[in-house]
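The next block holds one structure in the form of structure tokens; read it before the comments.
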Amino acid sequence: MLRCEQCERKSFPRSDPAIMALVVHRGTQRQDDRCFIARQPAFPPGMFSVLAGFVEPGESVEDALRREVLEESGLQAQQIRYLRSQPWPYPASLMLGYLVETDSDQFQLDNDELEEGRWVNRQQ
């Protein structure tokens with residue numbers, strides 16, 4: 001909290017929630033599991049990331065996660081499991097990390113945001 005010394009007004013910093021989703025397609029054996037990663041055109045060459053996005057006003061975190069995964073990859077989020085959070089100074093965000101399972105490995109990229117996507121296994 002910040003307090004103005006002149007008027008005593010109290011100001012509380014805002015925190016904008018954002019989600020990160022590790023999307024997993026389960027194989028028949030654990031070693032067959034794959035996760036989806038993608039890259040934005042602004043990323044350095046060779047850099048990929050899990051999917052991420054901001055929670056919109058009036059939207060639950062779970063709805064934001066389903067929306068972002070669907071918008072960016074065309075994949076349906078089936079099982080959602082919270083993993084952990086961390087502060088993310090953009091400029092005042094809280095990043096919430098989730099593990100998301102999907103039944104299909106057929107993706108359709110949002111070409112406005114992403115230029116490439118791929119499934120990778122643990123070894124890759």
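The values are calculated or read from the model by the stated rules, or taken from the named source; none is laboratory data. Bear in mind the structure is a predicted one, so any value in this text is a computation, not a measurement. Virtual Cβ from ideal backbone geometry, glycine too; neighbours counted across all protein chains shown. Quick note on the areas: whole protein, heavy atoms, side chains included, nothing else; ligands and nucleic acids left out. Shrake-Rupley method; radii C 1.70, N 1.55, O 1.52, S 1.80 Å.
Residue pairs whose Cβ atoms lie under 8 Å apart, sitting 6 or more positions apart in sequence or on different chains, and linking a residue in the stretch 79-100 that is touching a residue at least 24 places away in the same chain (Cβ under 8 Å) and under 11 Å from Ile19 (Cα atoms) to a partner that is among the acidic types (Asp, Glu) and surrounded by 11 or more Cβ atoms within 10 Å (Cβ to Cβ), are Ser93/Asp16; Leu94/Asp16. Entry remark, the stretch 72-81: residues being under 13 Å from the mean Cα position of the chain (by Cα), surrounded by 14 or more Cβ atoms within 10 Å (Cβ to Cβ) and either not in a loop (DSSP other than H, G, I, E, B) or not hydrophobic (A, V, I, L, M, F, W, C) (or both) number 3 in total. Looking at the structure I just gave you, is Glu62 buried (at least 16 other Cβ atoms within 10 Å of the Cβ), outside any loop (DSSP other than H, G, I, E, B) and either out of contact with any Ser or Thr (no Cβ under 7 Å at 6 or more places or on another chain) or not acidic (Asp, Glu) (or both)? Judged against the criteria, Glu62 is not a match.
Against the list (1) surrounded by 11 or more Cβ atoms within 10 Å (Cβ to Cβ); (2) among the charged types (D, E, K, R); (3) assigned to a strand (DSSP E or B), the condition Arg84 fails is (1). Given the condition touching a strand residue (DSSP E or B) at 6+ places or on another chain (Cβ under 8 Å), under 30 Å from Phe12 (Cα atoms) and of a type outside the set (A, V, I, L, M), answer yes or no: does some residue in the stretch 96-119 qualify? Yes, there is a match, as at least one residue in the stretch 96-119 is touching a strand residue (DSSP E or B) at 6+ places or on another chain (Cβ under 8 Å), under 30 Å from Phe12 (Cα atoms) and of a type outside the set (A, V, I, L, M).
Based on what the data block shows, is Pro91 outside any strand (DSSP E or B), modelled with pLDDT under 95 and not acidic (Asp, Glu)? In short, yes. Checking Pro44, Pro17 one by one, the residue that is over 14 Å from Tyr98 (Cα atoms) and open to solvent by 40 Å² or more (accessible area, probe 1.4 Å) is Pro44 and no other. Arg84 falls short on exactly one of the conditions (1) modelled with pLDDT of 95 or more; (2) closer than 27 Å to Glu115 by Cα; (3) of a type outside the set (Val, Ile, Thr), and that condition is (2).
Being touching a helix residue (DSSP H, G or I) at 6+ places or on another chain (Cβ under 9 Å), at pLDDT below 95 and not aromatic (Phe, Trp, Tyr): is that true of Arg26 here? In short, yes. Selection within the stretch 94-106: residues that are within 16 Å of the chain's Cα centre (by Cα) and open to solvent by 30 Å² or more (accessible area, probe 1.4 Å). The member of this set that is farthest from Glu68 (Cα to Cα) is Leu94.
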